[in-house]
1. Mind pulling the angle between the C-alpha long axis of helix 51-61 and the longest principal axis of the chain? Nearest 10 degrees, somewhere in 0 to 90.
2. Remind me, relative contact order of segment 128-178 in percent, using alpha carbon pairs under 8 angstrom and six or more residues apart?
3. Whole-Hz ³J(HN,Hα) for each residue in segment 230-245, computed from phi via Karplus 6.51 cos²θ - 1.76 cosθ + 1.60 with θ = phi - 60°, x for glycine and proline: what do you get?
4. Starting from the Cα gyration tensor of the chain, take the square roots of the eigenvalues, sort them a ≥ b ≥ c, and report rounded, prolate or oblate (rounded when a/c is under 1.5, otherwise prolate if a/b is larger than b/c, else oblate).
5. Please say if segment 289-438 is rounded, prolate or oblate, where rounded means a/c under 1.5 for a ≥ b ≥ c the square roots of the C-alpha gyration tensor eigenvalues, and otherwise the choice is prolate for a/b larger than b/c and oblate otherwise?
6. So, with +1 on the Cβ of K and R and -1 on the Cβ of D and E, and no other charges, what is the size of the charge dipole of segment 130-187 about its Cα centre, to the nearest 20 debye?
7. Calculate, for segment 84-203, the solvent-accessible area per residue in square angstrom, rolling a 1.4 angstrom probe over the heavy atoms of the protein chains.
8. What number, rounded to the nearest 500 deg cm²/dmol, is the helix-based mean residue ellipticity at 222 nm of the chain, given -39500 (n - 2.57) per DSSP H run of at least four residues and division by all its residues?
Amino acid sequence: MKIAIVGTGYVGLVSGACFSEMGVDVTCVDIDREKIERLKEGIIPIYEPELKNIVLRNHKAGRLHFSTDLPTILDDMEIVFIAVGTPSDEDGTADLSFVMTVASTIAEHMTEPLLIVTKSTVPVGTSYRIRDLVRKRLDERGLTDLQFDVASNPEFLKEGAAVNDFMSPDRVIVGVESEGAKELMTKLYRPFLLNNFRVIFMDILSSEMTKYASNAMLATRISFMNDIANLCEKVGADVNMVRRGMGSDSRIGRSFLYPGCGYGGSCFPKDIRALIKVAEDAGYEMTVLKAVEEVNNRQKDILFQKFKRHFNGELHGKTVAVWGLSFKPETDDMREAPSLTLIRSLREAGVAVRAYDPAAMQEARHYLNDSIYYATDIYDAANGADALIVPTEWKEFRLPNWSILKKIMNHHVVVDGRNIYNMEELASYGFAYSGIGQ
């Protein structure tokens, strides 16, 4: 089976590598010539556990190829996945220009039957727009008898665990409108799900909506728990106890009940805005999701406010160590990361920032330039600091040597954005501690 995946970001590269791992002949396509050449050399553009080994192994085995020229390979493919970015416009609308450009290229050059699958996160109805565009152009080219199918196959990969999510998915959502498309997608995914075939087939519109609805639900749980955590602080409750009590209810469950300093990344913020806009265009107001977004935007400021309160607003000339820059552990992705909101507020207040992240140091320079000090490790970051603030819960931050930190820091203040430390333990070392919701 031969497939092409257009776009070599998180979704496209992980999908292509994992499909090739199961024996599929995959060509990953991207217009960025430098990125493609680096991939051929084994240089991976993103940090994702296990991904590099899979890419190198399958490229060497001849199952995973890289190209910048989609037209020349189209006629060899049974399926082409569109996995390019859909960033937000200023009003929250998903920008489909990259998706439609790929669809136009396919329409202009295909001469053999093809299944065109949308893997990018797109507003409801986009696959039908692709179908209409391709059909119109084929007819203009005189290929009125050339048949093709469209399908929707949204991704549900967690950055930092994307390979495992793809190889052992909870479920695979596929929207189709023909038996032929259903058979092809069944053939493609069966090797991943031999013991329990968890592909859920549905109509295309429902498939596209499922992606947005799933992310909206997860984002809602995060913002809800952050709201509860903030209230816990006001009334003297401990959100960690509350979370455990809530999570033991089988109707609620324990997932996504962890309070923190807000969600970020490439999916939740963008998808929430896009779904709100889709609803507006349909004449409906997503009141709950607007509140979810409002709570999240407010929550990203909470670490700075806690730091500010501790020093009674006298911040100019202070130095802060920031542990964690990526929006979550096990990734170098800093898109809409809470750390960015924190650091910008600190710099505006005249605070010097010494930051460290296990994976995102190079990525951070694209966002922060030379406005901060890039530390070599957690202790270098904390050296001479008046406070330590932790926006991201990397594992290597969990058991630092507090005795060393006590010696090298000027003041002994810890603001924990992910509740990974114990207040009593830090107090025994002489640290003032502030977590979320406790």
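The values are calculated or read from the model by the stated rules, or taken from the named source; none is laboratory data. Fair warning: this is a prediction, and the values are worked out from it, not measured in the lab. So basically every Cβ, Gly included, is an ideal-geometry build from the backbone, and we count neighbours across all protein chains shown. Each accessible area value is taken on the protein alone, full model and side chains, heavy atoms only, with ligands, DNA and RNA left out. Shrake-Rupley method; radii C 1.70, N 1.55, O 1.52, S 1.80 Å.
1. 30 degrees
2. Computed value for segment 128-178: 37 percent relative contact order.
3. Listing the rounded values in order: 5, 5, 4, 4, 5, 9, x, 7, 10, 5, 5, 5, 4, 4, 5, x Hz.
4. It is prolate, given that a/c is not under 1.5 and a/b is the larger ratio.
5. Note, shape of segment 289-438 comes out rounded.
6. Roughly 100 debye for segment 130-187.
7. Value returned for segment 84-203: 45 Å² of accessible area per residue.
8. My calculation for the chain gives -13500 deg cm²/dmol from helical runs alone.
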